[in-house]
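Taking it in order: structure first as structure tokens, then the write-up.
No lab work stands behind these numbers, since they all come straight from the coordinates. All values derive from a computational prediction rather than experimental measurement. Here the Cβ positions follow ideal geometry from the backbone for every residue, glycine too, while neighbour counts run over all protein chains shown.
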Amino acid sequence: MPAKPLKSVKNPRKTPVMTTTTVEVITTGATPTSDLEETDPKVLQEIIHKQQQEIQKLQHALEAKVAEKATDLEEAQALTHLGSWQWDVATGRISWSDELYRIYGLKPQDHEVGFEEFMSMIHPADRARVSNVIGASSQTGEPFDFEHRIILPNKKERVLHGMGKVITDAKGQPLRMLGTSQDITEANRLERAKDEFISLVSHQLRTPLTIIRLYGNMLTDGIAGPLDKKQRWYVNKITNASVRLIKLVGDILNISRLELNRIKIEVKPTDANKLIQSYLEELAPIANGKGVTIRFSPQANLGLSPIDATIFGEIVHNLAGNAVRYCHDQDGEVSISFKKEKRGYLLTVKDNGIGIPKAAQTHIFERFYRAGNASNADGEGTGLGLYLVKLFTETAGGKTWFKSEPGKGTIFYVLFPPDGMAAKAE
Ligand code: ADP
């Protein structure tokens with residue numbers, strides 16, 4: 001694919017410099033004439049001399065300004081641990097900013113770092129990926145944005161966030177490639193510490209919340225004696241709130257585990273039809289309460305599917321739960337299917353509910369995102385379910401997508417490769 005043509009770049013320096021010079025010479029008294037041949041050569045020389053002096057003055061001012069800007073840029077780069085580089089395609093020259101040398105543990109401008117030396121400093125496990133990302137970007141002209149690790153001369157490991165793009169001529173031919181690398185080792189460490197904290201807190205919250213729900217259920221079951229109408233109403237409020245909290249805390253715990261890369265995927269031959277049926281039975285009271293019909297037609301002779309039952313359960317729970325919640329009361333219909341096809345194992349969850357507004361469709365897999373019509377239909381969502389579905393699916397080697405018509409309904413798809421979910425150690 002040809003790269004995008006360059007936008008025309010104005011050179012803001014040349015034109016104003018010459019214009020200002022000419023105006024100043026004229027106003028300092030030298031008489032301009034339309035016929036220079038008639039002018040005394042001495043006067044002419046004086047005009048030229050004055051012009052040269054003016055140009056020189058402006059050049060010095062310009063150089064000082066450029067030097068000042070360069071210092072500002074260097075300081076900004078040092079402050080943010082962000083270095084920059086440029087690769088000139090025609091000459092093959094690569095230039096690095098001082099901060100980029102420092103990030104790689106090298107003395108600024110000590111020597112020109114060639115591509116091979118650069119690759120030797122990339123963490124061995126990330127080398128092929130770095131080479132592929134940069135190579136693909138130089139071929140396609142698409143910008144790149146990714147993270148990778150490097151090994152410093154003192155053997156310490158750092159994590160960098162690299163971004164870059166190709167600059168092309170009007171015909172789309174690459175002229176140069178430029179990019180930035182930011183040292184995000186410390187930011188990543190803090191992010192990890194935050195995730196660890198969230199994971200710990202969620203884990204600790206689960207036990208007391210489960211106890212609240214358990215004792216609430218025992219009270220409603222009459223274990224501590226019969227409840228009157230008012231008491232039952234209060235206890236129901238408590239247990240319902242605890243159920244919501246348990247789900248929220250469970251989602252947060254799962255997200256932090258996934259983000260910390262601490263999710264184990266145990267793939268075993270599993271009766272997926274039986275699993276789906278048992279999840280749908282759990283959902284039945286809510287669906288019945290709303291007047292929503294759930295249909296599931298298991299694929300005959302599906303046999304056992306290579307999946308992780310817990311992860312599959314989380315995906316089905318979230319998608320089927322949403323389908324029921326976002327259906328209209330009374331005439332709602334939800335259909336679920338799970339099939340083995342040539343392209344892999346495909347789960348579909350279809351509803352005839354409120355649909356997803358067009359403007360919201362690019363955002364619904366984002367963390368905490370909720371479309372306006374969903375908030376109106378159900379004020380208690382968290383915007384974590386689909387984010388979790390996407391994380392689980394992708395971590396297990398699958399992909400997820402949807403089709404939706406606002407006001408008419410939505411269908412979600414989750415596809416795992418023909419050999420099932422990808423196993424993963426914790
Ligand atoms: P929650 O449902 O708790 O808000 P989710 O992450 O599960 O959070 O979903 C994110 C958003 O995606 C929802 O708020 C809603 O706007 C939209 N959405 C998800 N599933 C459906 C569906 N079946 N029908 C309509 N909108 C949906």
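Candidates PHE402, PRO208, GLN277 compared by Cα position along the dipole of the chain: farthest toward the positive end lies GLN277, with charges placed on Cβ.
Computed from point charges on the beta carbon alone (+1 for Lys and Arg, -1 for Asp and Glu), the dipole magnitude for the stretch 39-192 about its Cα centre is near 260 Debye. Taking the chain as a Gaussian network of alpha-carbon nodes connected by springs under 10 Å, the highest mean-square fluctuation of the residues SER138, SER199, SER256 belongs to SER138. Convex hull volume per residue, computed on the Cα atoms of the stretch 230-315, equals 113 Å³. Between the helical axis of 385-395 and the longest alpha-carbon principal axis of the chain there is an angle of about 80 degrees.
In the chain, the inverse of the mean reciprocal separation of distinct Cα atoms equals 27.8 Å; this is its Kirkwood hydrodynamic radius. Once the gyration tensor of the Cα atoms in the stretch 170-302 is diagonalised, the equivalent ellipsoid follows with semi-axes of 44, 26, 16 Å, ordered largest first. Which residue, LEU260, PRO41, THR185, has the largest displacement toward the positive end of the dipole of the chain when charges sit on each Cβ (Lys, Arg +1; Asp, Glu -1)? So the residue furthest toward the plus end is LEU260. Computed from the C-beta positions of THR80 and GLN204 and an R0 of 41 Å, the FRET efficiency is 0.70 to the nearest 0.05. With θ taken as phi - 60° and the Karplus curve 6.51 cos²θ - 1.76 cosθ + 1.60 applied, the whole-hertz 3J(HN,Hα) list for the stretch 73-82 is 5, 4, 5, 4, 5, 5, 5, 9, 6, 10 Hz, x standing for glycine and proline.
One chain, two ends: PHE146 and LYS171. Fully extended at 0.36 nm per residue, the span grows by 6.2 nm beyond their Cα-Cα distance. Tell me the net charge near LEU245. Cut-off is 14 Å between Cβ atoms, LEU245 excluded, with +1 for each Lys or Arg and -1 for each Asp or Glu. Local charge sum for LEU245: +3.
Give me the distance in nm between label points sitting 7 Å out from Cα along the Cα-to-Cβ direction at ILE223 and ASN240, one decimal. Roughly 2.2 nm, to one decimal. Take the Cα of ILE286, step 7 Å toward its Cβ, do the same at PHE115, and the gap between the two points is 5.3 nm. In this Cβ point-charge picture (+1 for Lys and Arg, -1 for Asp and Glu), the chain has a dipole of about 1780 debye about its Cα centre. Computed from label points 7 Å out along Cα-Cβ, the spacing between LYS107 and ASN301 is 7.5 nm. Charge dipole of the stretch 107-184 (Cα centre as origin; +1 on each Lys and Arg Cβ, -1 on each Asp and Glu Cβ, all else neutral): 100 debye, rounded to the nearest 20.
Computed over the stretch 91-195, the alpha-carbon pair-distance distribution with 5 angstrom bins reads 2, 11, 19, 24, 20, 12, 6, 3, 1, 0, each value a whole percent.
If the chain linking ARG343 and THR382 were pulled fully straight, counting 0.36 nm for each residue of separation and taking away their Cα-Cα distance, it would gain 10.8 nm.
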